[in-house]
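The values are calculated or read from the model by the stated rules, or taken from the named source; none is laboratory data. Since the model is a prediction, treat every value here as computed from it, not as a measurement. Ideal geometry is used to build each Cβ from the backbone, glycine not excepted, and the neighbour counts take in all protein chains shown.
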Amino acid sequence: MLLTRSVAVAGASDDDSDDQALLAAMARGDGGAYRKLADRHLAPILRYGTRLLGDAHEAEDVAQETFLRLWQHGASYEPRGGKPSTWLYRIAHNLCIDRLRRRKEHADAGALELAASGDRPSGELAKKELAEQVEAALAQLPERQRAALVLVHHEGLSQNEAAQVLDCGPEAVESLLARGRRSLRKLLAGADDRAEGDAT
């Protein structure tokens, strides 16, 4: 069953027991329960895929495959394995990693490209440039560091939930976050230095 509802109405839910009830109903063939789960979780999964892959079209493909797998394998969900939303993130994460590993050039995909400019932008333009620099720097990080940062800082998962998605312990997530933050700071500092050099 393919997704047909708009992303605009999708959003995450804190009501895990409701998600579990919907999963149980979906496992019995209830298409309405599936649509409710898709409406609720499509936007966060799309956002995560876009940040991890750096490509909105690929992220849409990953989201479609994630929710197709939800429909096909929802009956196999085990609550002790984490919240339904965490389970969906893990499916999407694995699909994203498969795609990243198939990209021969993925190490170069996020190369920083700053336009040479004599003036430093201000206001909204400066915010936009900073956001672009952060996204470009994020794309250069090793995939597990990038995934940890996106899950915790952008998607709001706890370190324990991120650990379930990444199939590791919370200590490993903490280490990935620390290394990812350090690497981001270095990349962003380097981008700033290059931009200043271009301006002189």
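Results for (1) part of a loop (DSSP other than H, G, I, E, B); (2) modelled with pLDDT of 90 or more; (3) assigned by TED's automatic domain parsing to the domain that holds D98; (4) farther than 15 Å from V150 by Cβ, shown as yes or no for each residue.
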| position | (1), (2), (3), (4) |
| --- | --- |
| A43 | no, yes, yes, no |
| L46 | no, yes, yes, no |
| F67 | no, yes, yes, yes |
| L70 | no, yes, yes, yes |
| G74 | no, no, yes, yes |
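When D39, D19, D61 are checked against the criterion of being at pLDDT 90 or above, surrounded by 14 or more Cβ atoms within 10 Å (Cβ to Cβ), under 30 Å from G169 (Cβ atoms) and acidic (D, E), D19 stands alone in meeting it. Please enumerate the residues belonging to segment 154-200 that are modelled with pLDDT under 80 and either in a loop (DSSP other than H, G, I, E, B) or of a type in the set (G, A, S) (or both). Scanning segment 154-200 gives G190, A191, A195, G197, A199, T200.
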